[in-house]
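**Student:** Sharing a structure below in structure tokens format, with a few things to ask.
The values are calculated or read from the model by the stated rules, or taken from the named source; none is laboratory data. Remember, predicted model here, so these are calculated numbers, not experimental data. Because the Cβ atoms are built from the backbone with ideal geometry, glycine has one as well, and the counts that use them run over all protein chains shown. SASA here: full protein model, heavy atoms, side chains in, ligands and nucleic acids out. Shrake-Rupley method; radii C 1.70, N 1.55, O 1.52, S 1.80 Å.
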Amino acid sequence: MNEQTGNVQGEHGATEQQPNVLIIMVDQMRWDLLSCAGHPVCRTPVLDGLAARGLRFANFYSAAPICTPARYSVFNGRHVPVHEGSWNGLPTRDGEVFLPSIMQHYGYATAIAGKLHFDPVEESFGFDDFRTFRAEGPTPERGYEAYLKSKYGELNRDRIEEGTCPWPNDPHGRGVGLFADPPEDLDTPWITRQTLEALDLLEQTGKPWFLFASYHDPHSPFVEPEPYYSMYDRGSISLPDIPPEIGTLRRDARGSQEVNHLIDDPAMLREITAIYYAATTHVDHDIGIVLAELDRRGLTDNTIIMFMSDHGDMMGDHGRMYKQAMYEGAVHVPLIVQAPEHVYPALTRGRVVDEITGHVDIVPTVLDLCGLPVPEGVQGKSLASLCAGNSKAWPNEAFSWMLGVPYTRQEAYMLGTKRMLRTPEYKLIDYGADFQTRWELFDMVEDPAEMRNLADDRAHASVLQSLASRLDAWEAEEPPLIQIPGMATPSYAYLSEERRKEFNAAWDAGLRRQARWRWPAT
């Protein structure tokens, strides 16, 4: 028996009373977009309600401010330097296993509806039912891309209403406008429909279930149908100050990554931000459809619900856009947890948890709340103690790691390899010895907007040294591979040497294309 939850394990851990698990993930949503977190403009009534019935983790951090590495860490509880799935399009090292496979082993039926973004794309990664955003998994014919192709005959078509895109010759602006197709053909409602269909199949199995509903929005491109497109008054949106040097940096940028991750046009940023809010409210609405269906089926009282994002979006902070930065906009993300009374009676409803937590804590939390053993090799810790208000032994630190794209320029805003340590008082960012600015140290109590770098301040030299030593110790950790007694090795866990060489070659070729490519001057 799990002493905290009271769940009794059966032959492989699962029983008829085992709780179901619904993980809802959105893509590229900042931590501060929730209206219950104090956002003055963006409205998220459904997620506000979920937080009122559960807990909101106010200081939850992404394992990597880029999609695939962060998602790997969410599903195996290990940091990026350990699982080594360090970039979009790259698999993890051999031997890594993921939460859906573990839940399968313990008797759960599993399903995904939406974006996974794992490689190799043909693998199921432990999901019995696979209906995903891109052409991946064992049943790509059930994915969103296949849906669009069957309806419209092609994928690479302009889905923006003519005349609603003011900046067709800019890498940001060209993806902004009114959605031209019927609203039901946007990915958000499609993923909602797939989630409900997956729920039907899961219930038919008669087993406890694990469902991953993964929305692509509010990720770019910034395109929404009405009424969402016009939902937010552009004039009501305040913008961060854009540093004066960003315009010059963007004009001199080399490669698509450099151009895409800088913004210097306030009018464009205001339009993008309005639609970013709209996409968030749209996803919030559709999450409400899923939660209402759980209620209608009488499943809410036996379902653990988690809401989170894989990473955030800079949205003009520091003159930056999108992800791949260790600043708060990209690496600080939302987390809400709701657990049924019988699963975790100690959970204090409506409380905000201020302790620092991260993606690697999801696997141990799910297993713990389901009464299942947390295997050796998981680097995160179960959030159950924090859910009960007990933070005595909590480490209160978060790490993030990203393998960057090497460029010839050496400014710190560029995309080099980065490490980040967040403590209650400070954040330390390490860009590596090759950069002109190696360290950024911020006092997160006095300077939460990260505007004053204290790395060269003699009064903070001991702080920097202590945090840098902790970063080194963290990155040197070598936990064993996760092994579940009696669990068969998943097919995705080991790749042939030839297959791995193919991934590496494709990644190298992609880097060369990005470094050469430059957006044409207008």
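**Student:** Taking segment 68-92, which residues are among the small types (Gly, Ala, Ser), over 13 Å from the mean Cα position of the chain (by Cα) and under 18 Å from GLY377 (Cβ atoms)?
**Tutor:** Those that are among the small types (Gly, Ala, Ser), over 13 Å from the mean Cα position of the chain (by Cα) and under 18 Å from GLY377 (Cβ atoms): GLY77, GLY85.
**Student:** Right, another one. Name every residue in segment 297-313 that is of a type in the set (A, V, I, L, M) and under 24 Å from LEU116 (Cα atoms), in order of residue number.
**Tutor:** ILE304, ILE305, MET306, MET308
**Student:** Consider SER220 carefully, then state whether it is open to solvent by 60 Å² or more (accessible area, probe 1.4 Å), modelled with pLDDT under 95 and not basic (Lys, Arg).
**Tutor:** Against the criterion (open to solvent by 60 Å² or more (accessible area, probe 1.4 Å), modelled with pLDDT under 95 and not basic (Lys, Arg)), SER220 does not qualify.
**Student:** Another question, then. Could you give me the residue pairs with C-beta distances under 9 Å whose first residue belongs to segment 378-402 and is acidic (Asp, Glu), whose second residue is open to solvent by 40 Å² or more (accessible area, probe 1.4 Å) and at pLDDT 90 or above wherever it lies, and which are 6+ apart or on separate chains?
**Tutor:** From residues that are acidic (Asp, Glu), the pairs are GLU397/PRO424; GLU397/ARG470.
**Student:** Say whether the condition of being more than 16 Å from ALA267 (Cα to Cα), open to solvent by 20 Å² or more (accessible area, probe 1.4 Å) and in a strand (DSSP E or B) is met by at least one residue in segment 184-206.
**Tutor:** For segment 184-206, residues more than 16 Å from ALA267 (Cα to Cα), open to solvent by 20 Å² or more (accessible area, probe 1.4 Å) and in a strand (DSSP E or B): absent.
**Student:** Cβ-Cβ below 8 Å, separation at least six or inter-chain, first residue in segment 423-438 and surrounded by fewer than 17 Cβ atoms within 10 Å (Cβ to Cβ), second among the charged types (D, E, K, R) and part of a strand (DSSP E or B): which pairs?
**Tutor:** Cβ pairs passing all conditions: GLU425/ASP443; GLY432/LYS418; ARG438/ASP430.
**Student:** Right, another one. Filter segment 450-490 down to residues that are among the basic types (Lys, Arg) and part of a helix (DSSP H, G or I) and give me whichever is surrounded by the fewest Cβ atoms within 10 Å (Cβ to Cβ).
**Tutor:** ARG458
**Student:** Right, something else. Can you name the residue in segment 223-256 that is among the acidic types (Asp, Glu) and part of a loop (DSSP other than H, G, I, E, B) and, of all such residues, is most open to solvent (accessible area, probe 1.4 Å)?
**Tutor:** It comes out as ASP241.
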